[in-house]
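A.B. asks: Can you read through this structure? Questions will come right after.
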Amino acid sequence: MNIVVQILNFISQEILNVPAYLIGIIAAIGLIALKRSAGQVIAGGLKAAMGYLILGAGAGVVTAALAPFGDLVLKSTGAHGVVPTNEVITAQASTQFGATSAYIIVLSFLIMLVVARFTPLKYIFLTGHHMVFMSMMLALVLSVGMGSDNQLLVIIVGSVLMAVIMVVMPAFAQPFMNRVTGSDKLSIGHFNSLGYITAGALGSVTGKKSKSTEDINFPKGLSFLRDSMVSTTLLMVVLYLVFAIWAAIVLPAEDAFSVFASAPDNYGSFIMAAFAQALQFGIGVSIILYGVRIILGELVPAFQGIANKVVPGARPALDVPIVFPYGANASLIGFLSSFVGGLVALGIIAAWLGPVWGLALILPGMVPHFFDGGGAGVFGNATGGRRGAIIGGFVNGLLITFLPAFLMTVMGTFGVSNSTFGDADFAWFGIVTGGMAHWGPIGGAIALLILAAVLFGAAWIWQVKVVNSGWLPAKEHAEFIEQVKAEEKAAKAAAKEAKAKEKAQA
């Protein structure tokens, strides 16, 4: 049994937990299915894996740049509470539930492939680290509810639940993803899909006549801001310097200087360290966008082979940065709006939900607000322009603050730890499954399998009736955007013609 656990741990932690390896393998399988040469298979697999590693490197740079910014904000405001961090809570729970999680992640992946092969839900979830987080969350809440002595039952039920959630959420989000990308070749494989669907739905309702965030008209003197790398970096420079100056005013020098690893010993170095971190953030975003382009260039063509031979009609469900190139300004607006939403939700918990319901204070973590909020901004912009990006990002911030607070109530002793799962799908799915698991081993297992069947059936109907029919949200907004583009094109043509006439007359 120990050997089996070690093998499963190796597969789950060393292969499935490394998205680059998983994507490289999938790309190679697709190229083999297309009957490409050995050299093309090797090159394609390596380039796909390297693209994801580049994306991960960019995400690491962004995360490292955001960590001091979060410290500046929290220390300056004096806020205290729980920071939702998937990596931390997973590490805390791994010693107790690591083996169970390994079984769940491997079995659920196999079930997902079978589902993709034989049902209309042809989504292959490829975001490996989110698979690890979800398997750990299910192992935790199911063990707490059904008892740690029922691990076989927890593994079986958890594997079914995880396989279902990996195909259900991409299916529900697919029409909105199609609106974002302008095609049906990609799916979103990130467990904040509730936030993205909500942002897309709100955008379609509130932003019918709102222009796109990507068409912001800057004055000629500010035309350099059209470069997303420049505008993103400049905004972070402003935010970083504002909070650095605030921290320098309200905090003792020693506390302020401790924010940065370089440990500056004077205020001049402290301010410049903040400036450097803002530049690092811009660099990280640029690396992410470059990595996304490489992945799209290699993985999507390779998936044609999988779709044709292995899993007909299969779509790769990828991590949320895959949508950032479709709305660079929207991702930044969504991030800031989500952060504001998190602050508002924090105030509501502190003033009302905490005293009444005993909920923990959930502090706004910069990393989830950047990735989740940025994705929500892109989805909101696709269906509702600037208004959709702002509202979608703000509501996402509310979701990833309120839901993790309620999730902690079903996590047993881990519910009093200093961390929790941060994305919306971990939270709502954990709340529901954790609550049902408390009905006992038999009653809970039956209820959870019924839940899985209901979700699967609903997604199947949605896929057949909605996604496969070609329905897209926000038709009025799309028509408005096309009208705006046509008017701008006509105006440019008229201006060019007038200029030509003036030149001819002269």
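The values are calculated or read from the model by the stated rules, or taken from the named source; none is laboratory data. It should be emphasised that the depicted structure is a prediction, and the values quoted were computed from it without experimental measurement. For neighbour counting, all protein chains shown are included, and Cβ atoms are generated from backbone atoms with ideal geometry for every residue, glycine included. Note: accessible area is taken over every heavy atom of the protein model, side chains too, but ligands, DNA and RNA are not part of it. Shrake-Rupley method; radii C 1.70, N 1.55, O 1.52, S 1.80 Å.
A.B. asks: It is to be established whether one or more residues within the stretch 381-396 are closer than 21 Å to MET137 by Cβ and assigned to a helix (DSSP H, G or I). Let's see the steps before the verdict.
C.D. replies: Filtering the stretch 381-396 down to residues closer than 21 Å to MET137 by Cβ leaves 396.
Those still in the list that are assigned to a helix (DSSP H, G or I) too: 396.
Yes, some residue in the stretch 381-396 is closer than 21 Å to MET137 by Cβ and assigned to a helix (DSSP H, G or I).
A.B. asks: Further question on the same structure: Quick one: would you say GLY388 is at pLDDT 95 or above and over 15 Å from the mean Cα position of the chain (by Cα)?
C.D. replies: On the way: at pLDDT 95 or above: yes; over 15 Å from the mean Cα position of the chain (by Cα): yes.
It is true that GLY388 is at pLDDT 95 or above and over 15 Å from the mean Cα position of the chain (by Cα).
A.B. asks: Would you confirm, using the coordinates I've provided, whether LEU279 is outside any loop (DSSP other than H, G, I, E, B), at pLDDT 85 or above, over 20 Å from the mean Cα position of the chain (by Cα) and on the phi < 0 side of the Ramachandran plot? Steps first, please.
C.D. replies: Working: outside any loop (DSSP other than H, G, I, E, B): yes; at pLDDT 85 or above: yes; over 20 Å from the mean Cα position of the chain (by Cα): yes; on the phi < 0 side of the Ramachandran plot: yes.
It is true that LEU279 is outside any loop (DSSP other than H, G, I, E, B), at pLDDT 85 or above, over 20 Å from the mean Cα position of the chain (by Cα) and on the phi < 0 side of the Ramachandran plot.
A.B. asks: A further question follows. Could you check, for the stretch 483-506, whether at least one of its residues is part of a loop (DSSP other than H, G, I, E, B) and modelled with pLDDT under 80?
C.D. replies: Taking the stretch 483-506 first, the residues part of a loop (DSSP other than H, G, I, E, B) are 506.
Pick out the ones that are also modelled with pLDDT under 80 and you get 506.
Yes; the residues of the stretch 483-506 include at least one that is part of a loop (DSSP other than H, G, I, E, B) and modelled with pLDDT under 80.
A.B. asks: All but one of (1) without any contact (Cβ under 8 Å) to a residue 40 or more places away in the chain; (2) buried (at least 20 other Cβ atoms within 10 Å of the Cβ) hold for PHE339; which doesn't?
C.D. replies: For PHE339, the exception is condition (1).
A.B. asks: Can you tell me how many residues in the stretch 21-39 are over 21 Å from ILE124 (Cβ atoms) and either touching a Cys at 6+ places or on another chain (Cβ under 9 Å) or in a helix (DSSP H, G or I) (or both)?
C.D. replies: Selection size over the stretch 21-39: 2.
A.B. asks: Has the stretch 470-478 got at least one residue that is outside any helix (DSSP H, G or I), open to solvent by 40 Å² or more (accessible area, probe 1.4 Å) and of a type outside the set (A, V, I, L, M)? Quick ask: steps written out before the conclusion?
C.D. replies: To start, the set of residues in the stretch 470-478 that are outside any helix (DSSP H, G or I) comprises 470-474.
Among the residues that remain, those that are also open to solvent by 40 Å² or more (accessible area, probe 1.4 Å) are: 470-472.
Of the ones still in play, those that are also of a type outside the set (A, V, I, L, M) are 470-471.
Yes.
A.B. asks: Report the residue count in the stretch 343-402 for those that are open to solvent by less than 10 Å² (accessible area, probe 1.4 Å) and touching a strand residue (DSSP E or B) at 6+ places or on another chain (Cβ under 6 Å).
C.D. replies: Going through the stretch 343-402 one residue at a time, the tally reaches 2.
A.B. asks: What residue, among those in the stretch 12-23 that are open to solvent by 20 Å² or more (accessible area, probe 1.4 Å) and modelled with pLDDT under 80, is nearest to ILE294 (Cα to Cα)? Break it down stepwise before answering.
C.D. replies: Step one: filter the stretch 12-23 for residues open to solvent by 20 Å² or more (accessible area, probe 1.4 Å), giving 13-15, 17-18, 21.
When the remaining residues are screened for being modelled with pLDDT under 80, the result is 13-15, 17-18.
Numbers: GLN13: 25, GLU14: 23, ILE15: 21, ASN17: 21, VAL18: 17 Å.
The residue in question is VAL18.
Every residue, every condition in (1) touching a Leu at 6+ places or on another chain (Cβ under 7 Å); (2) without any contact (Cβ under 8 Å) to a residue 12 or more places away in the chain; (3) crowded, with 18+ Cβ neighbours inside 10 Å, yes or no:
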| position | (1), (2), (3) |
| --- | --- |
| ILE25 | no, no, no |
| GLY39 | no, yes, no |
| ALA43 | no, yes, no |
| TYR52 | no, no, yes |
| GLY58 | no, no, yes |
| GLY70 | no, no, yes |
| VAL82 | yes, no, yes |
| ASN86 | no, no, yes |
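Residues checked against (1) under 13 Å from LEU66 (Cα atoms); (2) open to solvent by 50 Å² or more (accessible area, probe 1.4 Å); (3) free of Cβ contacts under 8 Å to residues at least 12 places away in the same chain:
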{"position": "TRP246", "(1), (2), (3)": "no, yes, no"}
{"position": "VAL259", "(1), (2), (3)": "yes, no, no"}
{"position": "ASP265", "(1), (2), (3)": "no, yes, yes"}
{"position": "MET272", "(1), (2), (3)": "no, yes, yes"}
{"position": "GLN280", "(1), (2), (3)": "yes, yes, no"}
{"position": "GLY284", "(1), (2), (3)": "yes, no, no"}
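A.B. asks: Now for a separate question. Residues GLY385, GLY374, GLY393, GLY354: which one is farther than 26 Å from GLY60 by Cα and in contact with a Gly (Cβ under 7 Å, 6 or more places away or on another chain)?
C.D. replies: Working: GLY374 fails: farther than 26 Å from GLY60 by Cα; GLY393 fails: farther than 26 Å from GLY60 by Cα; GLY354 fails: in contact with a Gly (Cβ under 7 Å, 6 or more places away or on another chain).
Only one candidate passes the filter, namely GLY385.
A.B. asks: With LEU161, LEU153 as the choices, which residue is farther than 22 Å from ALA116 by Cβ and in a helix (DSSP H, G or I)? Break it down into steps so the answer makes sense when it comes.
C.D. replies: Numbers: LEU161 fails: farther than 22 Å from ALA116 by Cβ.
When all the criteria are applied, what remains is LEU153.
A.B. asks: Within the group ILE481, ILE442, which residue is out of contact with any Asp or Glu (no Cβ under 6 Å at 6 or more places or on another chain), of a type in the set (Val, Ile, Thr) and loosely packed, with under 13 Cβ neighbours inside 10 Å? Write out each step before concluding.
C.D. replies: Details: ILE481 fails: loosely packed, with under 13 Cβ neighbours inside 10 Å.
Only one candidate qualifies: ILE442.
A.B. asks: Follow-up. Suppose the filter is surrounded by 22 or more Cβ atoms within 10 Å (Cβ to Cβ) and either in a helix (DSSP H, G or I) or in contact with a Pro (Cβ under 9 Å, 6 or more places away or on another chain) (or both); does PRO321 pass it?
C.D. replies: Working: surrounded by 22 or more Cβ atoms within 10 Å (Cβ to Cβ): yes; either in a helix (DSSP H, G or I) or in contact with a Pro (Cβ under 9 Å, 6 or more places away or on another chain) (or both): yes.
Against the criterion (surrounded by 22 or more Cβ atoms within 10 Å (Cβ to Cβ) and either in a helix (DSSP H, G or I) or in contact with a Pro (Cβ under 9 Å, 6 or more places away or on another chain) (or both)), PRO321 qualifies.
A.B. asks: A follow-up question, please. For the stretch 68-92, give me each residue that is of a type outside the set (Val, Ile, Thr), within 20 Å of the chain's Cα centre (by Cα) and not in a helix (DSSP H, G or I).
C.D. replies: PRO84
A.B. asks: Further question: Take the conditions out of contact with any helix residue (DSSP H, G or I) (no Cβ under 9 Å at 6 or more places or on another chain), in a helix (DSSP H, G or I), farther than 30 Å from GLY393 by Cβ and open to solvent by less than 60 Å² (accessible area, probe 1.4 Å) and apply them to ALA452. Does it pass?
C.D. replies: Details: out of contact with any helix residue (DSSP H, G or I) (no Cβ under 9 Å at 6 or more places or on another chain): no; in a helix (DSSP H, G or I): yes; farther than 30 Å from GLY393 by Cβ: yes; open to solvent by less than 60 Å² (accessible area, probe 1.4 Å): yes.
When the stated conditions are applied, ALA452 does not pass them.
A.B. asks: Return the residue satisfying two criteria in turn: it lies in the stretch 94-130 and is buried (at least 22 other Cβ atoms within 10 Å of the Cβ), touching a helix residue (DSSP H, G or I) at 6+ places or on another chain (Cβ under 6 Å) and of a type in the set (Gly, Ala, Ser), and of such residues it is nearest to PRO316 (Cα to Cα).
C.D. replies: GLY128
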